Structures are given as C-alpha cells and as structure tokens.
Ligand SMILES: Nc1ncnc2c1ncn2[C@@H]1O[C@H](COP(=O)(O)OP(=O)(O)OP(=O)(O)O)[C@@H](O)[C@H]1O
Ligand SMILES: [Mg+2]
C-alpha cells in the first residue's frame, strides 16, 4: 500500500510538467472558440441565408459528431492531405505538421460550435425593449450589438460558457490519441515505462481535479463581477 | 431651430400589420412647448403611432418632420417606408427622447451609465460633462443617491424616473411617452407623474400616450382621441373631455370613469 502511494507521488513531477500543455490547449481553444462562436451565432441570427445556413450547417455537423472522430479526421485526413499539397512548401509547415496545431484547430472549432449554440439562445432571450431603447437613442446597429446585445447575452449565459470551459479542459485528454503529450498522454507514457496500470492514471486524475478546482475558483469571481447587475 | 416651425409634424401616417390597417392617415403637429396627449382604447394604434414617429416601426406612408427636418425615406419592396440615410435617422432619433411603458433601462449598466450612454457615445460629450449633467438630472427626478445602483435594485417608479432622465440627457427636441405609468404599481404612479408635470411646467415639448385622464387634462395643450387608426377628435382637454362630440368618445370616457 505504501508502495502504491509512493508510485503515485513519483508520477506527479512529469504530470505537473505536462499540465501547462493541457491548460494551453484549453485556453487557446477556449478563446478562439469564443470569438469564432460569437461570429457563428451572429451569422446564424443574421437573417441572411448566405450567412445563417452555412453557420447552421457547421454547428449541426460539429455538434452532431464525436470529438474523437473530428480529431482523427483533422489529424490524419487534413494532415495527410496538406502534407501532399503545396502547403508542404510553406514556411509554416514545420509547425502545422505537429499534432498540436491540428488538435488546437479541432478543439477550437468544437468549442466554437457549442459556444455559438449557447450564445444564439442568449442573444435571442434579450428583451426586445432594451434593444429598442438603444435604437431609440440613436445607436447604430454595431453600437447596439457591441454595447447592449453582446454584454447582455454574455451575462445571460456566462455560467454555461464557464462550465463548457471545464468540459473542454477534460476533453483535451483525447488529444493524447493524436500524439500530444498533455496530461493524459504523459500518463500513458508513464504507464508504458513503469509498467504500472493504475498509479499513473490516479495521479493524472488528481492533477486534472486540482486544475479544474483552480480554474473554477479563478472564474467564479469573474462570473460574479460580470453579472453583478443581477438582483443584489 | 426656426421657432415658427413645429417641433414635430406627423403627416398622414399609414401603417398596416399584414392586412390590418392600424393607422389610417394620422396627422398632427406639436409646437415647441406643446404637450400633446393621445388617448384611445386598447388596440386603437396609440403605441404604433408613437413608434412610427421614431421609426421603431416603419410606416407604410406619410412623413415625420422634426424641427423642420423631414426623415428622408423611400419605399422598400414590402411597401414600408425605410430611411434612405441611416445616419440621418440616428440623428433624428437622438432628437426624439422616448420613454417606454416598461422603462427598458439597460440591465447591465448602472443608473449613471444608463444616463450618460447617449450623451457620451451618440452626442460625443466628454464623460465628465455628461456625468455632471446626469447628476443634475438625477437630482431633478429625485434620485441623486442612486447613481451607482443597477436597474434591478430599483422600484418600477424609480426605474421610470431614471428612464426619463436618460431621455432628457439627450436634450431632445421632443419627448415621446408611451403610457409611462401603466406598468407601475398604483402607489408608484404619482412619483412619475410629478416628474412629468414638472417637465410640462418647464415647457418641454411632449407627446404622451396615457390613460391618466387627470394628468392629461392638467398638462395637455392638445388632446387627441385616437379611434380605429384615425384621429377621431382633437382639441383642448376641456373641449374633448367635457363635451364629447360622439358616441364613441362618450363610450370611451364613460369606460374610464367606470373603471
Ligand atoms: N408588431 C405587430 N405585429 C402585428 N400586429 C401588431 C403589432 N403591433 C401592434 N399590432 C396590432 O396593432 C393594433 C394596435 O396596436 P397598438 O399597440 O398600437 O395599440 P395601443 O393603442 O397602443 O393599445 P394599448 O392601449 O393596449 O397599448 C393592435 O390590434 C395590435 O394587435
Ligand atoms: Mg400601447
């Protein structure tokens, strides 16, 4: 039993070293997903078929298929395809060849699709009166969007957006399947090297848990600050 | 502004929703300092008329002239009038201060931010100047100690007074009120009426849809009875209310008295 605990503790340094990569995946995909998701939601609600139909199709397909399938398709499919195309000559190719780029792309698009759906609902739920008050005072469409609609929409759905970030964090474990040595990938390497099955996994779970708790603790005050206008 | 020009001319406004004609040619004028009150039964088109004035609703035909300047429009393919020049429309809207039945303050902004939003971002005043003015307005509506509150922390009557201050902060040519007291609990009505009465005393030009007959009688220079999308009767409050010239008007006034 003592050995068991020692083994777990021995896994921690390597895992902690891998945690920043997990955070990087989460934060980059989280930010890109938020920005792209906002545009998607606006396109979806634009009333212009040329914008709303592609946005709807993208959201439908991405949300309707497993993330693992998307990861494989992008990593093996897109990676292979680009590897045989002119892109290979590009100075960017050495970076693009890495699993990380493809994984970031896959996670960002996934997050964008989910955020877009959440934001669409939040934008639609804003009271018409507040938008009319903005128009009536002489705001342009962009001012109304930027100063009234988006802040209210984000305020409405902030709890969902933050819990989606936590889900994203945990789903980055799948990136280990496309050769990325984030937390989960590192745990598997330790498994192979140490021939221990459970200890690396338990240690890995612990680190995830601590990261989730820390991230939640960081986001809570932000959430409170951004929604302090609610009853209080 | 030319003082001989009416502050607001509403000319032959028609509006239909689908096949129902809600406004069937409404015209009236308000000169500087006038208070025009619009009364009429539910569904007679009062809100629609007010919303056509600042183009929250697009009329099907007619013209709106503010301080001598007409809102330039063309017909779109659905038969509605749409503004030709969006920048002009925004300028015109900035000169028409609207107060809504449901206040419509921006939930995510403090009282102060609600009031300075227009002056700072539409009129491009400095924040400092806008805040000074906002404090004076808050004082005027009796809420000088509430500038850091959010709308959700205020009663309905307080919210409506902030909404009035927000509209006043734009120093509009004309104020538009759509039943400013009908969403309020009865005990909160008078605090809002007090503010409106004060504005009338200051000779603010106002167009007000209301069911508050006592207020309308007291402050209106002109009373308009809107019925089925047409101006049925207009005149001084005494003319319209004391000698109703038709059954419909008698019926409407009787209904109010009975209520
Ligand atoms: N956006 C809309 N679409 C379709 N019909 C509408 C719309 N807005 C108003 N109407 C209809 O137009 C008519 C006039 O409505 P309006 O709101 O102007 O009446 P009102 O005189 O303000 O009534 P109230 O005293 O109840 O506020 C009503 O029959 C209403 O159902
Ligand atoms: Mg109405």
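Just so you know, all these numbers are worked out from the coordinates, no wet-lab data involved. Computed from a predicted model, the values in this text were never measured in an experiment. Here Cβ is always computed from backbone atoms with ideal geometry, including for glycine, and neighbour counts include all displayed protein chains.
Neighbour counts of other C-beta atoms within 10 Å: give me B:107, B:185 arranged from fewest to most. Don't skip to the answer; put the middle values down first.
Working: B:107 19, B:185 9.
With the fewest neighbours first, B:107, B:185 line up as B:185, B:107.
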> What is the order of A:226, B:138, A:201, fewest Cβ neighbours within 10 Å to most?
Replying inline: A:226, A:201, B:138
> Cα atoms only, region B:108-188: Rg and Dmax in Å?
Replying inline: 12.4, 39
>> Can you give me the orientation-averaged projected area of the convex hull built on the Cα atoms of region A:2-230, in nm²?
In response: 16.1
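How would B:47, B:37, A:46 line up from fewest to most surrounding beta-carbon atoms within 10 angstrom?
Values: B:47 19, B:37 25, A:46 12.
Listed from fewest to most nearby Cβ atoms, that is A:46, B:47, B:37.
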> Hey, how many Å between the Cα centroid of region B:97-122 and the Cα centroid of region A:104-144?
Replying inline: 19
> Relative to a virtual label point 7 Å from the Cα of residue B:202 in the Cα→beta-carbon direction, which members of region B:31-53 show backbone nitrogen distances below 20 Å?
Replying inline: B:31-37
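Using the beta-carbon distance between residue A:222 and residue B:236 and R0 = 51 Å, what value does 1/(1 + (r/R0)^6) give for FRET efficiency, to the nearest 0.05? Mind showing how you got there, number by number?
Working: r = 58 Å, r/R0 = 1.15.
Calculated value: 0.30.
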>> Modelling each spin label as a point 7 Å along the Cα-to-Cβ direction, I'd like the residue A:6/residue A:192 distance in nm, to one decimal.
In response: 2.7
>> Whole percent per 10 Å bin, from 0 to the bin with the longest distance: what is P(r) over all C-alpha pairs of region B:105-254?
In response: 10, 36, 30, 16, 7, 0
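Can you give the % of DSSP beta bridges in the protein assembly as shown that are antiparallel, to the nearest 5? The partial results should precede the final answer.
On the way: 23 of 39 bridges.
In the protein assembly as shown, approximately 60 percent of DSSP beta bridges are antiparallel ones.
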>> How would region B:30-108 be classified by its alpha-carbon gyration tensor: rounded, prolate or oblate, with rounded meaning a/c under 1.5 and the a/b versus b/c comparison settling the rest?
In response: rounded
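For every helix of n ≥ 4 consecutive DSSP H residues, a contribution of -39,500 (n - 2.57) applies; sum these over chain A, divide by its total residues, and give [θ] at 222 nm rounded to the nearest 500 deg cm²/dmol. Please report the intermediate quantities before stating the final value.
Details: 10 runs with 172 residues, N = 232.
Helix-only estimate at 222 nm: -25000 deg cm²/dmol.
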>> What whole-number volume per residue, in cubic angstrom, does the convex hull of the C-alpha atoms of the protein assembly as shown give?
In response: 213
> What distance in nm separates the simple spin-label points at residue B:82 and residue A:206, each placed 7 Å from Cα in the Cβ direction?
Replying inline: 6.4
>> Which three extents, in angstrom, do the Cα atoms of chain B have along their principal axes, listed largest first?
In response: 52, 45, 37
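Residues of B:93-101, mean number of Cβ from any other protein chain within 10 Å of their own Cβ, rounded to a whole number? Intermediate results must be reported in sequence, preceding the final value.
Values: counts 5, 4, 1, 3, 2, 5, 2, 5, 1.
Average neighbour count from other chains, rounded to a whole number: 3.
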> Cα axis of helix A:49-64 to longest principal axis of chain A: angle in degrees, 0 to 90, nearest 10?
Replying inline: 30
>> Restricting to DSSP H runs of at least four residues, report the calculated mean residue ellipticity at 222 nm for chain B, -39500 (n - 2.57) per run over all residues, nearest 500 deg cm²/dmol.
In response: -11000 deg cm²/dmol
> Pick from B:87, B:130, B:165: which is most flexible by mean-square fluctuation in a GNM of chain B where alpha carbon atoms under 10 Å apart are linked?
Replying inline: B:87
> Say each of residue A:128 and residue A:48 gets a label point 7 Å from the Cα, pointing the same way as Cα to Cβ; how far apart are those two points in nm?
Replying inline: 2.4
